[in-house]
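All remarks here apply to the structure that follows.
The values are calculated or read from the model by the stated rules, or taken from the named source; none is laboratory data. All values derive from a computational prediction rather than experimental measurement. Don't worry about glycine lacking a Cβ; one is built from the backbone with ideal geometry, like all the others, and counts go over all protein chains shown. Keep in mind that these areas ignore ligands, DNA and RNA; they rest on the heavy atoms of the full protein, side chains included. Shrake-Rupley method; radii C 1.70, N 1.55, O 1.52, S 1.80 Å.
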Amino acid sequence: MSTIVFLLLLIGAVTALGMLQARISVWAIALGGLLFVWQAGILTGEPTFPLSSIFSLLAWIPIGLLAALSVPEVRRSFFVRPAFDFLKKTLPKVSDTEQQALDAGTVGFDAELFSGTPDWAVLRAVPPVTLTPEEQAFLDDPTEDLCRLIDDWQIRHAAREIPETIWAFVKKHGFLGMLISKEHGGLGFSAQAQSLILGKIASRSPDVVTIVMVPNSLGPGELIEKYGTDEQKHYYLPRLARGDEVPCFSLTGPTSGSDAATMRDIGTVVKGQLDGRETLGVRLSWDKRYITLGPKATLVGLAFRLFDPENLLGKGEDVGITVAMIPANHPGVNIGRRHLPSGAAFPNGPNWGNDVFIPMDWIIGGEKMAGQGWRMLMECLAAGRAISLPSSAAAGAKAMLRVTSAYARIRRQFGLPVGRMEGIEEPLARIVETAYVNEAARGVTASMVSRGEKPSVISALMKYQTTERLRRSVNDAMDIHGGRAICDGPTNYLQSAYEMVPVGITVEGANILTRTLITFAQGALRSHPYLIREIQAAQNPDTAKGFDDFEDLFLSHIGHSVSNMAGAFFHNITFGFFAPAPTAVPELKAHYRQLSRAARNFAVVSDMTIAVLGGGLKTKQKICGRLADALSELYFAAAVLKRFEDDGRPVADRPIVDFAIANALSRFNDALNGVVLNFPVAPVRWKLRAIVFPFGRHYNPAPDKLGGTVAGLVLKPGEVRDRLTRHIFISKDAADPTGVLEVTLEKVVAAEEAEKKLEKAIRAGTVRRYHGIDWIGDAVTQNVITAEEAALLREVETLVARVIAVDHFDPAELRPNYMQPGHNARAADQSAAAAE
């Protein structure tokens with residue numbers, strides 16, 4: 001019994017010392033005292049082991065080591081110095097492009113999650129979704145008007161082109177210059193406003209939002225605004241804001257997709273002739289593809305690797321990646337024909353050039369910014385990736401919810417609305433969850449960017465997570481709509497989203513890459529409280545200074561890691577009951593405690609992964625992907641709690657919050673468990689299992705009953721449904737494919753009691769419902785319903801028939817123009833042959 005008591009006391013002491021980050025000397029004294037009390041039998045009156053026995057002596061070895069390490073000179077010589085020398089020899093050198101990517105952006109709330117002890121006040125201090133009166137008016141008026149102008153079917157099928165009326169409207173109202181400052185003729189809107197405006201357009205047409213999104217994201221406008229010379233700003237920015245220039249940005253090439261830094265596009269610094277005079281410039285050769293707005297562009301942004309063999313710039317031969325802007329009509333610039341990405345209508349295509357001479361002042365930022373292109377791109381992408389695609393993905397999820405909830409209530413099978421069937425409740429509840437969660441994460445992230453942050457790690461996880469979640473929502477919406485969704489035509493409001501989802505998944509860093517190579521691998525360096533500084537110290541050319549810096553960091557890192565391991569173990573065996581939570585939101589305290597517990601576990605597993613795998617981390621992409629998923633679930637769950645608080649803690653939304661948090665923690669559990677199960681070093685795997693999962697699985701998905709409650713919240717018009725789908729385009733026009741859903745939903749709910757009477761009579765055989773029979777008239781005759789109820793039911797019947805109808809065509813209408821005789825359709829293999 002005394003041995004069991006000792007072991008329990010030992011575990012308790014180690015846990016307490018670890019959580020308190022006690023000094024090594026305190027560890028030695030505390031554990032030595034406990035060991036002495038046990039061996040001497042002070043508590044039991046009888047020694048456990050004679051103090052001279054071999055077992056007693058062996059037990060004191062760890063205590064002796066701790067005591068020795070508490071002496072600074074011993075610790076430095078026998079512990080810190082070997083670690084420093086090992087890292088200095090084994091750490092791979094960080095390339096210039098990797099370093100620039102790491103230096104780009106800022107660290108924010110992601111650092112709190114990596115720490116294992118997040119300060120929830122940091123997140124709660126982020127401002128709620130707020131717009132200026134000017135921004136709100138723009139969202140309510142020109143953006144609404146633009147949405148009404150859009151004929152999605154005409155754009156994506158009949159014309160496969162954005163009509164000039166749309167282009168003229170967006171140029172006239174300044175949509176193309178939202179991020180350009182007012183000083184230079186733009187609207188100067190906040191990131192939050194840009195995000196909501198893009199989202200509203202996206203909810204109406206993925207094609208139209210693309211032509212607005214691209215000029216307001218990574219491209220000439222943003223690059224010139226931030227890095228351009230005064231002359232470039234004064235000339236180009238007003239023209240871009242007015243739409244006199246349509247920009248594109250050419251980064252991706254045939255051999256450099258996700259690995260853009262390996263581009264083969266080359267520029268050489270030379271003296272050449274321009275307008276009849278000798279000019280210092282760059283001779284360029286490039287081949288780019290997948291360039292959005294390329295076929296329509298008048299100004300081509302171009303990324304290339306610049307070389308200066310004669311060192312005319314004084315920066316050496318390999319100057320580095322550089323960004324220039326070139327008029328599309330400049331001699332030698334070739335704007336290719338159009339790609340057809342997922343059948344979309346937005347302009348996208350290749351461009352290329354061979355031995356094209358441009359003057360030095362066409363480099364964005366001029367000569368001084370030559371070679372700084374990768375840093376410029378990474379800094380812009382750190383913020384921009386958090387806005388463009390997440391705004392479309394959040395709005396897309398809300399649009400899926402709006403139309404699918406209406407359809408699920410209107411469409412009846414087996415005598416009841418399909419939305420009330422358990423099989424439909426499940427995907428409908430997922431759609432509700434995605435709409436709430438995506439918008440929560442979008443709102444808080446856009447607020448971070450609006451106040452000047454460039455959250456590179458958060459922007460990466462936002463991009464891949466929101467677009468992946470939208471893909472699931474679109475698939476769920478398609479499943480619930482059934483045949484109504486797969487038959488395309490003017491009244492199909494799902495096909496455009498279904499076709500465009502893969503585009504969002506692929507661009508701005510394919511999701512597979514972003515998940516497995518970028519989010520956690522860069523996050524571990526950028527957001528970890530010690531790691532990047534330890535690496536910098538180990539690689540410091542001044543070895544003495546590097547060692548001094550490394551010693552403090554390394555010892556602090558070990559104390560931090562031990563604290564997290566002890567804290568994780570403690571919170572896991574106490575089920576998170578004692579984990580910290582904000583006192584200002586008592587109704588959310590249980591959720592905050594579980595997130596605090598989960599953050600400890602994440603920090604333990606990520607720290608151990610970094611320590612053991614080290615430089616080989618990037619080759620373990622499945623582990624990195626799972627850790628990225630775990631980090632994402634923590635961030636999105638925290639955003640859910642913040643949104644609930646920012647919305648005023650509406651009681652009606654509480655089931656949605658509970659549902660979302662339960663599922664987030666369950667997915668977090670699965671991701672972390674996947675890392676532990678597949679950890680390549682067995683002893684570490686066993687240790688992680690004991691610390692993180694001492695009693696097995698922590699969390700389960702939300703229960704079915706709660707999912708049913710969540711689905712039921714959106715099957716009728718009201719504040720919950722409106723709050724879940726705010727800031728998207730909502731039509732109440734019965735002539736509109738989505739507007740007729742809104743009108744019909746209200747009528748169906750109003751006619752519910754009358755419909756129940758009619759259904760009861762039909763089941764009883766009093767009324768027969770078949771084609772050719774006026775069953776509503778018969779129900780009036782049989783006194784089942786009143787004449788007023790009959791009129792309402794007839795109106796509902798007409799509207800429902802329109803809602804569930806599918807389009808059909810004359811076969812000639814479906815014969816595409818490019819199949820007509822005489823039309824030159826060039827296949828991909830013909831293109832390749834021509835290129836050769």
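Post the alpha-carbon centroid distance, region 677-711 to region 356-431, in whole angstrom.
30
Computing the accessible area with a 1.4 Å probe over protein heavy atoms, can you report the carbon and sulfur percentage for region 309-368?
The nonpolar share, carbon plus sulfur, comes to 47 percent.
Sketch the reach of a paramagnetic label on W775 as a point 7 Å from Cα along Cα-to-Cβ, and name the residues of region 405-420 whose backbone nitrogen lies under 14 Å away.
Within reach of a label on W775: 412-417.
Given R₀ = 60 Å, what would the calculated FRET efficiency be for D810 paired with V122, taking r from the Cβ atoms and rounding to 0.05?
The calculated FRET efficiency here is 0.45.
Could you work out the relative contact order of region 510-628, using alpha carbon pairs under 8 angstrom and six or more residues apart, expressed as a whole percent?
34
Can you tally the net charge around I150? Count Lys and Arg as +1, Asp and Glu as -1, for every other residue whose Cβ sits under 12 Å from the Cβ of I150.
Summing Lys and Arg as +1 and Asp and Glu as -1 gives -2.
So, counting K/R as plus one and D/E as minus one, what does the shell of residues with Cβ under 12 Å around G504 add up to?
Combined, the nearby Lys, Arg, Asp and Glu give +1.
Any idea of E468's accessible area? Nearest 10 Å², probe 1.4 Å.
Here the residue's solvent-accessible area equals roughly 60 Å².
So between A510 and A544, what do we pick up on full extension, going 0.36 nm a residue minus the alpha carbon distance?
Computed gain between A510 and A544 is 8.0 nm.
With all protein chains present, calculate the accessible area of C248 using a 1.4 Å probe and round the result to the nearest 10 Å².
For C248, the solvent-accessible surface is approximately 0 Å².
Which of the lysines could a cross-linker bridge to K620, judged by Cα under 25 Å and excluding same-chain residues fewer than eight apart?
K88, K89, K93, K463, K687
Take peptides 79-87, 155-163 and line them up by average Cβ neighbours within 10 Å, highest first, as a rough protection proxy.
155-163, 79-87
Quick one: 3J(HN,Hα) in Hz for region 607-618, Karplus 6.51/-1.76/1.60 with θ = phi - 60°, rounded, Gly and Pro as x.
4, 5, 5, 5, 5, 7, 7, x, x, x, 4, 5
Which order do the peptides 756-764, 457-465 take when ranked by the mean count of other beta-carbon atoms within 10 Å per residue, highest first?
Descending packing order for the listed peptides: 457-465, 756-764.
Report the gain in length on full extension from A750 to V37: 0.36 nm times residue separation, minus Cα-Cα distance, nm rounded to one decimal.
Between A750 and V37, full extension yields an extra 248.9 nm.
Structure shown: which of K226/K296; K233/K288; K315/K368 lie over 18 Å apart, alpha-carbon to alpha-carbon?
From K226/K296; K233/K288; K315/K368, over 18 Å: K226/K296; K233/K288.
At a threshold of 8 angstrom on Cα-Cα distance, excluding pairs fewer than six apart, so keeping six or more, what relative contact order does region 718-782 reach in percent?
15 percent.
Over region 283-399, give the accessible area per residue in Å² for a 1.4 Å probe, as an integer.
32
Using per-residue counts of other Cβ atoms within 10 Å, averaged over each peptide, order 593-606, 285-298 from highest down.
Highest to lowest by the protection proxy: 593-606, 285-298.
Given (i) 31.5, 105; (ii) 37.7, 133; (iii) 39.3, 134 as candidate values of Rg and Dmax of the Cα atoms in Å, which corresponds to the one derived from the coordinates?
Read-out taken from this structure: (i).
Provide the per residue accessible area, probe 1.4 Å, for region 411-453, rounded to a whole number of square angstrom.
35
Suppose a student asked you for the relative contact order of the chain, using Cα pairs under 8 Å spaced at least 6 residues apart; what percent would you report?
Averaging sequence separation for qualifying contacts and normalising by length gives 14 percent for the chain.
Run the reach check for K705 against lysines, Cα to Cα strictly under 21 Å, same-chain hits fewer than 8 apart removed. What comes back?
By straight Cα distance, K705 reaches K716.
Any idea how far apart E161 and V681 come out in nm if each label point goes 7 Å out from Cα toward Cβ?
6.2
Could you give each residue of region 506-519 its phi-based ³J(HN,Hα) in whole Hz, using Karplus coefficients 6.51, -1.76, 1.60 with θ = phi - 60°, and x for Gly or Pro?
8, 7, 6, x, 3, 4, 4, 5, 4, 6, 8, 10, 9, 4
Using the Cβ atoms and a cut-off under 12 Å, what net charge is assigned to the surroundings of D287, where Lys and Arg are +1 and Asp and Glu are -1?
Summing Lys/Arg as +1 and Asp/Glu as -1 gives +2.
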